[in-house]
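*Asks:* Provided herewith is a single structure, encoded as structure tokens, for subsequent inquiry.
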Amino acid sequence: GNIVQSVHLPAWASNNEARLVSICDASESTLEKICGQFPTARRYTDVDKFLGEAEDLDFVVLATPGESHITIGEKANSSN
């Protein structure tokens, strides 16, 4: 979403102690755009596959519509 692209990504890019390792978005075109800035990041269009392979993540940002936060958050929590 716009907040991720205008606020989150620039903040992560400016933090030498943070590393964006995975990106999940249903939109292939959004993934292409973001991964152009973070070429080493793994990319996913399926949240279940993303979370299933998320063993090296310290945190997950839920930048989805609010009604999906509980479901995805519970999945993220159980994959840890």
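A short reminder: the numbers here are calculations on the coordinates, not readings from a lab. All of these numbers come straight from a predicted model, not from anything done at the bench. No Cβ is skipped: glycine too gets one built from the backbone with ideal geometry, and neighbour counts run over all protein chains shown.
*Asks:* Taking amide H positions as placed in the peptide plane 1.01 Å from N, state which residues far from residue 44 in sequence (5 or more) or on other chains have amide H under 5 Å from it.
*Replies:* The list, which skips near neighbours in sequence, is 23, 24, 25.
*Asks:* Once fully extended, how much extra length lies between residue 67 and residue 33, figured as 0.36 nm per residue of separation less the alpha-carbon to alpha-carbon distance?
*Replies:* Details: separation 34, 0.36 × 34 = 12.24 nm, distance 2.54 nm.
Answer, rounded to one decimal: 9.7 nm.
*Asks:* Based on the alpha-carbon gyration tensor of the chain, what equivalent-ellipsoid semi-axes (square roots of 5 times the eigenvalues) come out, in whole Å, largest first?
*Replies:* Square roots of five times the eigenvalues give 19, 15, 13 Å.
*Asks:* Charges only on Cβ, +1 for Lys and Arg, -1 for Asp and Glu: so what's the dipole of the chain about the Cα centre, in debye to the nearest 20?
*Replies:* It works out to roughly 220 debye.
*Asks:* Now, a different point. Would you work out which of 68, 37, 20 lies farthest towards the positive end of the dipole of the chain, given +1 charges on the beta-carbon of Lys and Arg and -1 on that of Asp and Glu, about the Cα centre?
*Replies:* 37
*Asks:* Relative to the first principal axis of the alpha-carbon coordinates of the chain, what is the inclination of helix 28-37, with its axis defined by its Cα atoms, in degrees from 0 to 90 and to the nearest 10?
*Replies:* It is inclined by approximately 50 degrees.
*Asks:* Continuing with this model, one more query. What GluC sites (Glu not before Pro) does region 1-37 have in DSSP loop regions with at most 14 other beta carbons within 10 Å?
*Replies:* Loop-located and lightly packed - 17.
*Asks:* For region 57-74, just list the computed ³J(HN,Hα) in residue order, Karplus coefficients 6.51, -1.76 and 1.60, θ = phi - 60°, integers in Hz, with x standing in for Gly and Pro.
*Replies:* 8, 8, 7, 10, 9, 8, 10, 10, x, x, 5, 9, 4, 5, 4, 5, x, 5
*Asks:* Just from its helices, what would the mean residue ellipticity at 222 nm be for the chain, if runs of 4 or more DSSP H residues each count -39500 (n - 2.57) and the sum is divided by every residue, rounded to the nearest 500 deg cm²/dmol?
*Replies:* -10500 deg cm²/dmol, from helical runs alone.
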